[in-house]
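A.B. asks: Here it is, the structure in full.
The values are calculated or read from the model by the stated rules, or taken from the named source; none is laboratory data. Everything numeric in this text was worked out from a predicted model, so none of it was measured. Here Cβ is always computed from backbone atoms with ideal geometry, including for glycine, and neighbour counts include all displayed protein chains. SASA here: full protein model, heavy atoms, side chains in, ligands and nucleic acids out. Shrake-Rupley method; radii C 1.70, N 1.55, O 1.52, S 1.80 Å.
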Amino acid sequence: MHHARMSAAIHRALFTLAGLMNRPEPDAELTSAAGISLEAGLLPLLVRVGLQGPIGVVQAAELLGRDHSTVSRQVARLEAQGLVARTPSPQDGRLKLAEVTPAGRKALDAIDAARRQLMEAALASWSAADRRNLERLLTKLADQAEAWRRDRET
């Protein structure tokens with residue numbers, strides 16, 4: 001029974017965090033703190049391209065849980081702002097891959113710095129050991145979730 005309660009508590013916590021991260025307000029706060037002007041809804045895509053790129057629209061859409069036509073339009077908006085560029089795929093020249101430009105990398109660096117400041121404030125009362133445990137366990141959970149996703153694709 002203890003495992004069921006723990007599982008429910010983890011599920012609730014993850015849904016709470018995912019719900020917060022999917023809202024536009026945290027993205028707006030991050031971009032404002034970073035001094036970046038970015039249209040609502042584009043930050044998750046810019047971050048994903050920065051982490052994963054070069055990346056195709058279909059793959060980015062799958063990873064973000066959005067439809068590919070929406071992501072294609074968003075990539076075009078990021079490209080118009082000079083934050084990403086689309087280049088032909090080396091495997092299939094008909095496909096275009098999005099990758100972060102130097103301006104996009106500069107924006108992501110500023111956003112990362114703002115994120116670190118916000119996390120420092122949020123975790124200010126946590127011990128160093130608790131912070132290390134949070135990092136270790138969240139990384140472990142994310143790695144296992146990613147492995148689960150990859151196993152389903154093959």
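A.B. asks: Based on the Cα coordinates of the stretch 8-51, what is the per residue volume of their convex hull in Å³? Could you put the intermediate results ahead of the total?
C.D. replies: Numbers: hull volume 3.5 nm³, N = 44.
So the per-residue hull volume is 80 Å³.
A.B. asks: When the chain is modelled as a GNM with alpha-carbon springs shorter than 10 Å, which of Asp92, Asp143, Asp109 fluctuates the most?
C.D. replies: Residue with maximal mean-square fluctuation among Asp92, Asp143, Asp109: Asp143.
A.B. asks: With charges only on Cβ, +1 for K and R and -1 for D and E, what is the dipole size of the stretch 4-81 about its Cα centre, in debye, rounded to 20? Each step should come with its number before you reach the end.
C.D. replies: Numbers: 7 positive and 7 negative charges, 58 e Å.
That gives a dipole near 280 debye.
A.B. asks: Also, I was wondering about something else. Pop the C-beta distance of His11 and Asp130 into the FRET formula with R0 = 25 Å and round what comes out to the nearest 0.05.
C.D. replies: 0.75
A.B. asks: Next question. For every helix of n ≥ 4 consecutive DSSP H residues, a contribution of -39,500 (n - 2.57) applies; sum these over the chain, divide by its total residues, and give [θ] at 222 nm rounded to the nearest 500 deg cm²/dmol.
C.D. replies: Details: 7 runs with 109 residues, N = 154.
Computed ellipticity for the chain at 222 nm equals -23500 deg cm²/dmol.
A.B. asks: Now a separate question. By average Cβ neighbour count within 10 Å, what is the ranking of 20-29, 126-135 from highest down?
C.D. replies: Ranking, from highest mean packing down: 20-29, 126-135.
A.B. asks: Ok, one more. What whole-number value in cubic angstrom gives the convex hull volume per residue for the C-alpha atoms of the chain?
C.D. replies: 144 Å³
A.B. asks: Of the options Leu14, Leu45, His68, report the single residue whose Cα projects farthest towards the positive end of the charge dipole of the stretch 1-84 (beta-carbon charges: Lys, Arg +1; Asp, Glu -1).
C.D. replies: Leu14
A.B. asks: Need one number for the stretch 70-135: average projected area of the convex hull over its C-alpha atoms, nm². Working shown, then result.
C.D. replies: Numbers: hull surface 27.5 nm².
The orientation-averaged projected area of the Cα hull of the stretch 70-135 comes to 6.9 nm².
A.B. asks: Let me ask something additional. Against the 2.2 N^0.38 Å scaling, with N counting residues, where does the stretch 30-76 land? I'd like the Cα-based Rg ratio to two decimal places.
C.D. replies: The reported ratio for this selection is 1.14.
A.B. asks: Another question, if that's okay. Residues in the stretch 35-78 near a label at Glu25, defined as backbone nitrogen under 16 Å from the 7 Å Cα→Cβ point?
C.D. replies: Answer for the stretch 35-78: 41.
A.B. asks: Return one whole number: the accessible area per residue of the chain in Å², for a 1.4 Å probe.
C.D. replies: Per-residue accessible area for the chain comes out at 69 Å².
A.B. asks: To the nearest 10 square angstrom, how much accessible area does Ser89 have with a 1.4 angstrom probe?
C.D. replies: Roughly 10 Å² of Ser89 is accessible to a 1.4 Å probe.
A.B. asks: With only Lys, Arg, Asp and Glu charged, each at its Cβ (+1 for the first two, -1 for the last two), find how big the charge dipole of the stretch 45-130 is about the Cα centre; round to the nearest 20 debye.
C.D. replies: Result for the stretch 45-130 is approximately 320 debye, rounded to the nearest 20.
A.B. asks: I need the phi-derived Karplus couplings for the stretch 74-84: 6.51 cos²θ - 1.76 cosθ + 1.60, θ = phi - 60°, integer Hz, Gly and Pro marked x.
C.D. replies: 5, 4, 4, 5, 5, 5, 4, 7, x, 8, 9
A.B. asks: If you don't mind, there's one more thing I want to ask. Based on Cβ point charges of +1 for Lys and Arg and -1 for Asp and Glu, what charge dipole magnitude is obtained for the chain about its Cα centre, in debye rounded to the nearest 20?
C.D. replies: Details: 21 positive and 18 negative charges, 40 e Å.
With only Lys, Arg, Asp and Glu charged at Cβ, the dipole is about 180 debye.
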